[in-house]
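Inspection log for the structure reproduced underneath, given as structure tokens.
Every read-out reported here was derived from the displayed coordinates using simple, explicitly stated rules and does not represent laboratory data. Everything quoted here is computed from the prediction, not taken from an experiment. In this analysis, Cβ positions are derived from the backbone assuming ideal geometry, glycine residues included, and neighbour counts consider all displayed protein chains.
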Amino acid sequence: MKISVVGCGYVGLITGVSFAETGNQVIGVDIDENKINLLNEGGSPIYEPGLPELLIKNLKEKKIYFTSNIKKAVEESEIIFIAVGTPSDHNGNSDLSALVGVAEDIGRYMNEKKIVVVKSTVPVGSTQMVSRTIRAALQTRKVEFPLALISNPEFLREGSALEDCLHPARIVIGSTDQDAKKVMQRLYAPFCPNGTDNIIFMDFASAELSKYAANAFLATKISFINEMSLLAEKVGADIENLRLGIGSDPRIGSQFLFAGLGYGGPCLPKDIRSLLKIGQDCGQDLSVVRAVESANGKQRKAFVAKVTGHFGDRLEGRRLAVWGVSFKPGTDDLREAPSLEILDSLLKKGAGLHCFDPIALHNAQKKISGHVQFFDDPYQALRGCDALLILTEWELFHQPDFTRMKQNLRTPLIFDGRNIYHPQRLKALGFDYRCMGRPQQGTRE
């Protein structure tokens with residue numbers, strides 16, 4: 001099929017490359033000429049494992065190319081995916097200006113029947129708004145072409161997005177057009193080798209809301225286990241044992257039950273705010289979702305309190321090493337990363353920081369300023385520091401050279417926001433180890 005994907009950000013690029021990989025002819029569209037040039041040369045503007053190889057492969061096979069010419073893309077495509085950003089402010093208001101702009105362009109350049117698919121995460125009613133915008137543009141031109149709208153929310157996880165796109169657990173499609181549903185079923189058939197039972201058809205509103213509801217439920221699990229970690233510390237329980245105890249119940253499941261610094265990234269915080277705003281706009285208070293957001297903020301403060309509880313509230317003269325700043329391993333994304341709030345708080349208290357991240361260091365240098373140094377070697381970052389803070393659970397941190405760590409640190413003190421080590425082992429190695437929701441294992445009795 002001939003497909004265009006408007007918006008070559010994270011979702012659009014992953015979606016476009018995946019459709020090319022399954023044999024379609026794909027045009028990626030973006031207004032950023034530098035990004036277009038980079039992509040056509042085989043470079044990726046985002047970090048995602050496996051993406052560069054798949055991008056180069058499909059460019060060579062001429063199954064995908066990138067352009068800023070949306071007129072050409074609209075005219076030559078049967079199906080147009082809209083995957084532009086819809087950022088929200090801190091009140092949950094979604095900025096749909098890019099979505100509206102693309103809809104106007106589609107109406108301006110339509111030359112025959114089109115299927116338009118809204119891939120962006122949007123508030124309820126947005127797909128119908130796109131339909132109205134396109135039809136209004138057609139009326140201005142005094143032309144009429146058949147138009148089918150689809151709501152097709154994405155459920156990608158950064159770090160495993162290609163796997164999620166090529167082998168999805170489910171594909172949600174909101175539509176009232178029977179012919180368009182059949183086309184979408186054929187398009188997604190290669191992603192469903194065991195049949196298309198995981199393609200779920202529904203109405204627009206349900207499809208749009210499903211993305212927000214799914215992320216809110218996952219965020220609820222994260223905030224719940226984090227609240228339990230705070231309680232576990234108070235009563236002397238071990239959150240890892242509690243996680244195993246409740247996660248083995250199939251009604252609950254073990255995923256998203258890891259205590260730490262709370263959720264971050266480009267999706268969960270934004271979608272929680274947007275969902276609360278959707279509820280507010282229709283007069284429905286979502287008290288559980290509101291509590292989830294509140295609990296998430298407390299977890300970052302609890303981690304900072306561990307540091308100040310040891311050193312005192314004034315941190316002038318203290319140097320702290322930081323391992324990991326991205327919001328999760330497998331990505332260079334710092335959008336709403338827990339590390340940013342934590343490090344900002346420590347810098348304001350006078351601390352000096354030595355930061356290391358295997359992938360996100362370049363982005364960190366743009367986001368973190370003040371009394372901070374950046375290192376491209378994790379052990380060099382430890383030199384002369386009073387403690388190590390672990391804020392992202394990158395794989396290379398799990399089995400480090402503990403002897404070298406002790407030699408480089410001024411004091412063998414670790415504040416672990418991701419619980420990647422076993423407390424008893426760290427105590428045996430001579431570390432003062434402070435983690436989340438587990439009995440604290442210092443070297444002093």
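Results, tabulated for the structure shown:
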quantity: Single condition Ile36 does not satisfy, out of (1) touching a strand residue (DSSP E or B) at 6+ places or on another chain (Cβ under 6 Å); (2) of a type in the set (A, V, I, L, M); (3) buried (at least 23 other Cβ atoms within 10 Å of the Cβ); calculated: (3)
quantity: Meets criteria (assigned to a helix (DSSP H, G or I) and hydroxyl-bearing (Ser, Thr, Tyr)) for Ser326; calculated: no
quantity: Subset of the range 226-262 [of a type in the set (Gly, Ala, Ser), in a helix (DSSP H, G or I) and either touching a Lys or Arg at 6+ places or on another chain (Cβ under 9 Å) or closer than 19 Å to Phe303 by Cα (or both)]; calculated: Ser229, Ala232
quantity: Options Ala73, Ala136; residue that is small (Gly, Ala, Ser), touching a residue at least 12 places away in the same chain (Cβ under 8 Å) and buried (at least 19 other Cβ atoms within 10 Å of the Cβ); calculated: Ala73
quantity: Some residue of the range 425-436 being touching a strand residue (DSSP E or B) at 6+ places or on another chain (Cβ under 7 Å), more than 30 Å from Val235 (Cα to Cα) and not acidic (Asp, Glu); calculated: no
quantity: Within the range 83-97, tally of residues that are small (Gly, Ala, Ser) and under 13 Å from Lys277 (Cβ atoms); calculated: 3
quantity: Failed condition for Ser274, given (1) among the hydroxyl-bearing types (Ser, Thr, Tyr); (2) touching a residue at least 60 places away in the same chain (Cβ under 8 Å); (3) more than 21 Å from Thr121 (Cα to Cα); calculated: (3)
quantity: Pair list, Cβ < 6 Å and 6+ apart or interchain, from the range 10-23 residues that are aromatic (Phe, Trp, Tyr) to residues that are not in a helix (DSSP H, G or I); calculated: Tyr10/Ile46; Phe19/Ile3; Phe19/Val26
quantity: Of the criteria (1) more than 29 Å from the chain's Cα centre (by Cα); (2) among the β-branched types (Val, Ile, Thr); (3) assigned to a strand (DSSP E or B), which one Val172 fails; calculated: (1)
quantity: Counted residues, the range 175-221 - those being closer than 22 Å to Val26 by Cα and either within 21 Å of the chain's Cα centre (by Cα) or small (Gly, Ala, Ser) (or both); calculated: 2
quantity: Neighbours by Cβ (under 9 Å, 6+ apart or cross-chain): first from the range 222-243, in contact (Cβ under 8 Å) with a residue 60 or more places away in the chain; second among the acidic types (Asp, Glu); calculated: Ser223/Glu293; Ala232/Asp238; Ile239/Glu233
quantity: Number of the exception - Gly174 against (1) surrounded by fewer than 19 Cβ atoms within 10 Å (Cβ to Cβ); (2) touching a helix residue (DSSP H, G or I) at 6+ places or on another chain (Cβ under 7 Å); (3) of a type outside the set (Asp, Glu); calculated: (1)
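Per-residue answers, yes or no, for (1) free of Cβ contacts under 8 Å to residues at least 60 places away in the same chain; (2) surrounded by 19 or more Cβ atoms within 10 Å (Cβ to Cβ); (3) of a type outside the set (Val, Ile, Thr):
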position	(1), (2), (3)
Ser97	yes, no, yes
Val102	no, yes, no
Gly107	yes, yes, yes
Asn111	yes, no, yes
Met129	yes, no, yes
Lys142	yes, no, yes
Ala148	yes, yes, yes
Ser151	yes, yes, yes
